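Just so it is clear, none of the values below were taken in a lab; they were calculated from the coordinates. Keep in mind that this is a model prediction, so the values were computed, not measured. Every residue, glycine as well, gets a Cβ built from its backbone with ideal geometry; the counts of neighbours run over all protein chains shown.
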Amino acid sequence: MSLRQVRLLLWSLVGAAALAAAWIALRPAPAPVATETVLTELGGPFTLTGGDGKPFPSSRLAGRPHAIFFGFTHCPDVCPTTLSRLARLRRQLGKGDGAFDILFVSVDPERDGPAEVGAYAGLFGTPVIGLTGTPAQIEAVKKDYGIFARKVPQPGGDYSVDHNAGVLLFDREGRFTATISADEGDDAALAKLGRITA
Amino acid sequence: MRSFLFLAALALAGCGDAAPDLSIHDAWARATPGTAAAVYLTVDNRGGGGDELVGVSLAGARDAAVHRTSMDGGVMRMRRVDRLAIEARSKVELAPGGLHVMATGLSRPLVAGQSVEARLRFARSGERAVLVRIEALGPR
């Protein structure tokens, strides 16, 4: 091999190395490992009991966008606040009370029977579907919907329930779409409600 | 001599253990079917001394106590607060999502439009009565 050829070879090796280095430097960094898993498989069929004491199958929600909030009627602060806010947002959305269903599912079936959730749901001045069930039914729904709830004994023999306080939004196909959290602004919440009712 | 003692006493009264000067206002609660109710209000302390809210009662409720709602990674918790400090020259607000009086064992539901009496017991200021107006749930 002539000197010229050797030089050409060496320079092309340099060139190749430079390209390789550039490629390594410029390719997108591997995605950071997520610290939270997003449950895209949230939801599932259920049969609970409505405020009228009759079975309420989830099939009744087919074709209807809906917002589900898990709480309990002995919750004096966050639950009424959240449901009132949801009712207000539905009014603000401007598509009528039928735009999407608001469901209140009790995570306290021992104290919340059909009468309790029915009376509670009826206080909001706008359609709210109150649901409860047997402890086993509620456990199954909690698992499907990724809901955490835990009894906390209080002095005096009563108990409180720690629980997720987000509202879960589902589109008309029954697919989990988004959550509305308590510290989220109205604009963001309305945008999400607009999407499921589009 | 007397005027000196008088002035000295006046001077001493101005510092040290000053007294709280509380006013309670804007007390309201949401209508409830009768299981539990949350009462919200504001305590304004215009005095130079602090105080503590150590007891609450609501007419028609078997038990009432201050609780604090807190969010911990999306999970809502509610814990009892036995003594709520009201610092000198400050305001403490009990409002949705935070501090509130939780009343349980209601003998009757709270109906929007009505008023119910609450009694607040303070460590230094004694007992104060306040009228709680009941507001409707739902969109306003």
Can you give the angle from 0 to 90° between the axis of helix A:3-26 and the longest principal axis of chain A, with both taken from C-alpha atoms, to the nearest 10?
10
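Between B:ARG83 and A:GLU110, what's the calculated FRET efficiency when r is the beta-carbon distance and R0 is 30 Å? Round to 0.05.
E(calc), rounded to 0.05, equals 0.45.
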Run lengths n ≥ 4 of DSSP H only: what is the helix-derived mean residue ellipticity at 222 nm for the protein assembly as shown, with -39500 (n - 2.57) per run over all residues, to the nearest 500?
-8000 deg cm²/dmol
Any chance you could list the semi-axes, whole Å, largest first, of the equivalent ellipsoid that the Cα gyration tensor gives for the stretch A:84-198, using √(5λ)?
26, 16, 15
Please check: in the Gaussian network model of chain A (C-alpha springs, under 10 Å), which one of A:GLY63, A:GLY96, A:GLY15 has the largest mean-square fluctuation.
A:GLY15
Determine the distance separating the Cα centre of the stretch A:97-151 from the Cα centre of the stretch B:34-90; give it in Å without decimals.
27
Förster radius 56 Å - calculated FRET efficiency between A:ALA16 and A:ALA99, Cβ distance, rounded to 0.05:
0.35
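How many Å³ per residue does the convex hull of the Cα positions in the stretch A:128-171 occupy?
That works out to 113 Å³ per residue.
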What distance in nm lies between label points placed 7 Å from Cα along the C-beta direction at A:ARG4 and A:ASP158?
9.7
How long, wide and thick is chain A, going by the Cα atoms along their three principal axes, in whole angstroms, largest first?
97, 43, 30
Of all the C-alpha pairs in the protein assembly as shown, what % are more than 30 Å from each other?
49
On C-alpha positions alone, give me the angle between the axis of helix A:186-196 and the longest principal axis of chain A, in degrees, nearest 10.
90
Filter the GluC sites (Glu not before Pro) in the stretch B:17-99 to those in DSSP coil with at most 13 other Cβ atoms within 10 Å of their Cβ, and list the result.
B:GLU87
Can you tell me the 0 to 90 degree angle between the C-alpha axis of helix B:2-14 and the longest principal axis of chain B, rounded to 10?
30
When chain B is treated as a Gaussian network with springs between alpha carbons less than 10 Å apart, the largest mean-square fluctuation among B:ARG128, B:ARG89, B:ARG77 is found at B:ARG77
For the residues A:LYS143, A:LYS192, what sequence is obtained by ranking on other C-beta atoms within 10 Å, fewest first?
A:LYS143, A:LYS192
How shielded is B:64-77 by partner chains, expressed as the average number of their Cβ atoms within 10 Å of its Cβ atoms?
5
Round to the nearest 0.05 the FRET efficiency obtained for B:ARG62 and B:ALA129 when R0 = 22 Å and r is the Cβ-Cβ distance.
0.75
Would you please report the Å³ per residue occupied by the convex hull of the alpha carbon atoms in the stretch B:19-140?
107
Expected max-MSF residue from B:GLY73, B:GLY126, B:GLY47 in the GNM of chain B (alpha carbon, under 10 Å) is B:GLY73
